[in-house]
Structure formats: C-alpha cells, structure tokens
Amino acid sequence: MRVVSEDAGLTDRLLSVTSTFVAELSGPLDWRSTLAALMPRLAAELELSRAALFEVHTSPGAGLGVTCRVDWARPGLASLADNTHPPVRPVDTDARQRDWAERRTRGEVIEGRTEDLDGYLGAFFHAAGIVSFYTVPVMVEGRWWGHFCVSSDDRDRIWSEEERTAFQAFAGLIALAVERSRGGRELSEATRLAMLSAALDAIVTVDEAG
C-alpha cells in the first residue's frame, strides 16, 4: 500500500500545478485544448495512468449520455476522447450506473478499484486499463455538468487529502471555464465559492494591470 503524499514535495508540486491550471484556464484560449495540454503535467506529478474529463448530455427519449471530452493516457492505453457511454435509462441500466448518476447529481466523489466493479462499468473500466480511480463531479451553476477523473496503475493507491483537495480545485476551475465559455457570462457566486472552498492555499486575484 503506497500513499503518494508521503513525498514531502507533493504539496509544493500540487500548488505549482494548481497555479498553472488557474493561469491557463483563465486565459482567452479554448479551454478544452488548454486542459488537454495541462493533463500530461498533472499526470507526471502524481504518477497517474489517466486523467480525463467527461461531459453529460441528455436527448429526448434517449436518456442520459456521457462523452469523454478530454483524455490523457499513459503509453499503451487507448484514448477515450470522444468515446460515449450508452445512455443511462431507468429501465435498462444496471443499478450501479443509476447510483453513480444520482450521486454525481448531488456533487459526490466516487472512488474505488475496477476489480470491485461488475456489469457495464466493470467491463468499460477494465477495457480502459483503469486499475484504481477517483472522480469528482463538475458542477456548473449548481448542476452536474460532467466529471473529472484520474486513475492509477496501483490497485492499492490511497488518494491523499492534498490530492483530494487539488482534484476538487481542478473540477472547480473547469466549471469556471465552462461558465466563461457560455456567452461570456459572469461567473456565478456559487461556483466562486466552490473554487474558494477547494483551494489548497491562499488565492490572489490580479487584474490586467497586474
């Protein structure tokens, strides 16, 4: 059993990565492309096997769908980018899928090991080469927009408190970027508060004049 937080430099590395996420995702460039460029650094710092962002969407009569919008995977693993899960419908979806969807609408974190899963999710995670995982819902304007996911090849990986806090911060930053992309609207106060509550350390805001 290995805890990455035993590395004395983890907090410093997480702060550095988080500050980069803040700076880059606040910029004028397409946030999906920016996030894709940031994923390799996050994965390298935390020894991840995959880092991905999924977006949920619904279609009349088709149920709830989930599509991978951004994906970084270590060499040897196939990309999940643009992969779409079969729709989640009350009648023909297994109980775990329904449970996970309900929990994510409440903003709950889901973590575990693929070997403990069965049904569709077990088969999907196994095919994706996911061994242990940690997923954080991305909540935009109080609603479940999607989820930010990381995985490790270590079946006994214990996600440290520093990592958990950082993942919440990354999900908050993604939510901010999504809001900014929606017609340039002002960021919601709820999202600002979510970002502040997930912060690893002090937050400084700077205008264009520095």
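The values are calculated or read from the model by the stated rules, or taken from the named source; none is laboratory data. All values derive from a computational prediction rather than experimental measurement. Using ideal geometry, Cβ is built from the backbone for each residue, glycine included, and neighbour counts are taken over all protein chains shown. In case anyone asks, the SASA skips ligands and DNA or RNA and just uses the protein heavy atoms, side chains included. Shrake-Rupley method; radii C 1.70, N 1.55, O 1.52, S 1.80 Å.
Can you tell me which of 168-178, 28-38 comes out highest on packing, and rank the rest after it, using the mean Cβ neighbours within 10 Å? Before the final figure, lay out each step's value.
Working: 168-178: 23.5, 28-38: 15.0.
Highest to lowest by the protection proxy: 168-178, 28-38.
Please give the per residue accessible area of the stretch 35-85, computed with a probe of 1.4 Å over protein heavy atoms only, in Å².
Numbers: 2190 Å² over 51 residues.
Dividing the accessible area of the stretch 35-85 by its residue count gives 43 Å².
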Distance between modelled label sites at Val109 and Ala81, nm, 7 Å Cα→Cβ extension: 2.8 nm
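How much length is gained on full extension from Leu29 to Asp118, taking 0.36 nm per residue of separation minus their Cα-Cα distance? List each step's numbers first, then the result.
Values: separation 89, 0.36 × 89 = 32.04 nm, distance 3.98 nm.
Extending this stretch completely gives an extra 28.1 nm.
Which length gain, in nm to one decimal place, applies between Ile158 and Arg96 when the Cα-Cα distance is subtracted from 0.36 nm times their residue separation?
Values: separation 62, 0.36 × 62 = 22.32 nm, distance 2.24 nm.
Result for the pair: 20.1 nm of gain on full extension.
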Efficiency of FRET from Cβ geometry, Asp12 and Arg143, R₀ 41 Å, rounded to 0.05: 0.75
